[in-house]
Amino acid sequence: DINAYYIPATQTANDEGIPRLANMIMLGKLIEITKIATIEQVRAALEKSVPPSKSSLIDTNIKAIEIGYRI
């Protein structure tokens, strides 16, 4: 079976001032629904995969994931 979940990811990202992170908002919702990972596990994965020169983006991405988790 397939379940569809419709969330206002783009609008929420725009409202939160992070218009390019609608995908991370959707990831947060996916995590909340499926329990495929925890936010802490995603943070750890980002910290391993994001280059040091871009590490400042991790917190913003986690914020977007948390927003999606709460939608």
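Values in this text are rule-based calculations from the coordinates and carry no lab data. Being a predicted model, the structure only gives us computed values, none of them experimental. Reconstructed Cβ throughout: ideal geometry from the backbone, glycine too, with neighbour counts over all protein chains shown.
What's the magnitude of the charge dipole for region 9-70 around its Cα centre, counting Lys and Arg as +1 and Asp and Glu as -1 at the beta-carbon? Answer in Debye, nearest 20.
Here the size comes out at about 160 debye.
What 222 nm value per residue comes from the helices of the chain, counting each DSSP H run with n ≥ 4 as -39,500 (n - 2.57) and dividing by all residues, nearest 500 deg cm²/dmol?
-19500 deg cm²/dmol
Suppose R0 equals 22 Å; then what is the FRET efficiency for SER56 and ASP15 from their Cβ-Cβ distance, rounded to the nearest 0.05?
Approximately 0.50, to the nearest 0.05.
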